[in-house]
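Just so you know, all these numbers are worked out from the coordinates, no wet-lab data involved. Quick caveat: nothing in here was measured; it's all calculated off a predicted structure. Because the Cβ atoms are built from the backbone with ideal geometry, glycine has one as well, and the counts that use them run over all protein chains shown.
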Amino acid sequence: MFQLRCTVRGCREPLHRDDNGLACAAGHHFDRAKAGYWPLLQPQDRRSLNAGDSDTSVLARHRWLARGHMAGLVESLRPWVASPRANDSPADDSFLRTLDLGCGEGSFGKALLASCADTFCGIDLSKRALKLAARGWPAATWVLANADRTLPVADASVHRVVSLFGRRPVAEIGRVLAPSGICIVAVPGEDDLVEVRERVQQSGNRRSRWEAVVEEMASVGMECCEQKQWQHRVKLNREAIFDALAMTYRAARRSQQTIADSLSEMDVTLAADLILLRKSE
Ligand SMILES: C[S@@+](CC[C@H](N)C(=O)[O-])C[C@H]1O[C@@H](n2cnc3c(N)ncnc32)[C@H](O)[C@@H]1O
Ligand SMILES: [Zn+2]
């Protein structure tokens with residue numbers, strides 16, 4: 001399984017499998033949760049400005065991804081996780097360790113890296129999300145931890161960090177990535193769900209986020225190698241519109257809920273900005 005390190009304050013020893021779970025040389029022990037993830041969250045890391053997504057939001061995203069609207073986004077990202085092949089031989093990238101920060105219900109990780117379960121680890125603060133992730137891809141490693149605090153992995157031990165609409169603790173990303181390691185980021189594009197936002201929030205503000213990501217990552221020596229946009233037009237029914245709203249907290253206010261209730265079917269733009277960054281050698 002993915003090599004993790006102990007999260008007990010001040011310890012940081014590598015964690016190894018023992019009969020009942022994970023243990024470090026200092027004698028700390030972690031049982032695996034029944035649902036299949038490793039609860040490495042420590043009391044001091046529990047508090048966060050962002051406590052992880054609510055169960056409602058996680059379940060809405062799970063249904064949303066199951067509808068397949070985002071399949072094209074996975075295909076856009078695929079070339080970035082493919083490793084270069086030498087002499088046309090099949091690439092063996094199973095040794096490349098990937099850390100997914102804010103992995104949610106895990107289906108992006110599985111879709112992108114299905115053959116790399118031993119070297120894939122998803123981190124999230126939502127138990128509900130991790131339960132779905134572990135059910136969907138039991139062979140991968142799923143960890144309950146706060147990705148905005150110290151990450152439970154050793155320095156320079158990860159080859160790819162993935163943050164798909166997830167967390168970006170830039171200093172920690174810089175620490176855990178090996179030299180030449182990559183970071184793949186997806187953020188909502190300017191036009192993402194713009195039609196829904198115009199109708200429900202009565203504001204279709206367009207905001208580009210990717211430039212700020214490139215800037216913040218440059219502060220830890222990560223260079224942007226490629227940036228691209230993904231867009232997809234889709235007709236959404238009422239249930240799908242509700243899920244889109246629920247997973248983005250956009251229908252929280254009562255007046256917005258009333259407008260959302262009146263929607264039946266609409267053509268909607270899905271958009272994301274995708275960024276590939278590389279750590280210097
Ligand atoms: C918009 S969702 C994206 C999930 C997944 N990457 C996807 O695209 O389906 C953001 C995720 O980040 C998680 N999250 C929020 N704050 C977090 C934190 N401090 N540490 C770890 N995960 C966090 C949420 O629980 C949620 O699952
Ligand atoms: Zn320990």
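Using a 10 Å cut-off around each Cβ, can you sort C6, C116 from fewest to most neighbouring Cβ atoms? All intermediate terms of the calculation are to be shown ahead of the outcome.
Working: C6 23, C116 19.
Going from least to most buried by this count: C116, C6.
Counting other beta carbons within 10 Å of each Cβ, put V185, V170, V81 in order, fewest first.
Sorted ascending by nearby Cβ count, the order is V170, V81, V185.
Taking the simple approach of a point 7 Å from Cα along Cα-to-Cβ for both E198 and A114, what is their distance in nm?
It is 3.8 nm.
Please tell me which of these pairs span more than 29 angstrom C-alpha to C-alpha: K34/K110; K110/K228; K34/K235; K34/K279; K131/K279?
Numbers: K34/K110 21 Å; K110/K228 22 Å; K34/K235 38 Å; K34/K279 37 Å; K131/K279 32 Å.
Violating the 29 Å limit, Cα to Cα: K34/K235; K34/K279; K131/K279.
Let me check against my output: what whole-number percent is the relative contact order of segment 127-281, with C-alpha pairs under 8 Å and at least 6 apart?
Numbers: 244 pairs, mean separation 45.2, N = 155.
After rounding, I find 29 percent.
Quick one: give the max-minus-min coordinate of the C-alpha atoms of segment 37-279 along each principal axis, largest first, in Å.
54, 44, 34
Run the helix sum for the chain: -39,500 (n - 2.57) per DSSP H stretch of 4+ residues, divided by residue count, reported at 222 nm to the nearest 500 deg cm²/dmol.
Values: 9 runs with 78 residues, N = 281.
Dividing the helical sum by the residues of the chain leaves -7500 deg cm²/dmol.
Can you give the FRET efficiency to the nearest 0.05 for V214 and D267, using r as the Cβ-Cβ distance and R₀ = 35 Å? The partial results should precede the final answer.
Details: r = 31 Å, r/R0 = 0.89.
Between V214 and D267 the formula returns 0.65.
As a footprinting exposure proxy, order W142, W210 by other Cβ within 10 Å, with the fewest listed first. Write out the running numbers ahead of the final one.
Details: W142 30, W210 21.
The most exposed by this proxy come first: W210, W142.
Between N20 and R63, with labels modelled 7 Å along Cα→Cβ, what's the label distance in nm to one decimal, could you check?
With each label placed 7 Å out from Cα toward Cβ, I get 4.0 nm.
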